[in-house]
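Reviewing the structure listed below.
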Amino acid sequence: MTGRGFSDLVRGMTTREEIEGLLARTALGDRASFATLYDATSAKLFGVALRVLKDRGEAEEALQEAFVRIWQKADHYAANGLSPMTWLITVTRNLAIDRLRKRKRGEEQGDSDAAELIADQAPGPEAQAVAAGERAQIESCLGELEDARAGAVRGAYLDGQSYDELATHYDVPLNTMRTWLRRSLLKLRECLSR
């Protein structure tokens, strides 16, 4: 990390190259790099988990699971032209969606936990700040997509719906839905990088 210290990383001023370096050192078992990676990315990843789960406690648990997975799988991230944040967000989002689906299955089976019923559903100030900073840009980019494709992206990546559920909802074949989502994500990535 040339010319910048730990405090810059913590303030979220981490570059793509620095995050790639932190991931590479984490893959080698460097705990200090892992701690720095956590400090630099945890607020954003918490916002992702909170957006999917809409429950602060569950989002915190999903974030913890995500960082365990990142520690274990850091060697699976390869600098392949994709953003390291995309990989970190995907790991976090997938774990949050898995938790959401388990919760839905539990509700369908009548297994509600009293603690979940009284949990504070309101996001904290940190999560609100993270979400507010990105919401406008994401909404603007989603606005560039066709309505059905934007709805499918929201359903899959924000609401945790499965590809099967989306294909049924939009009355298209499953492979068509996968194509919609893949192409829409490419367009979104292009828009967000402008």
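Model label sites at Arg31 and Ser140, defined 7 Å from Cα along the beta-carbon direction, differ in position by 4.3 nm.
I'm a student and want to see the number: the projected area of the Cα convex hull of segment 143-194, averaged over all directions, in nm².
Mean shadow area of the hull around the Cα atoms is 3.3 nm².
Put a dot 7 Å past the Cα of Arg182, heading toward its Cβ, do the same for Asp75, and the two dots end up 2.9 nm apart. Using Cα positions and a limit of under 21 Å, work out the lysines in reach of Lys44, with same-chain residues fewer than 8 apart set aside. Of all the lysines, those that pass the test against Lys44 - Cα under 21 Å, at least 8 places apart if same chain - are Lys54, Lys73.
A simple spin-label model places pseudo-atoms 7 Å from Cα toward Cβ; at Leu192 and Asp159 they are separated by 2.0 nm.
All of the numbers you see were taken from the coordinates with simple rules; none came from a lab. None of the values given here were measured: they were computed from a predicted structure. Glycine also receives a Cβ, built like all others from the backbone with ideal geometry; neighbour counts cover every protein chain displayed.
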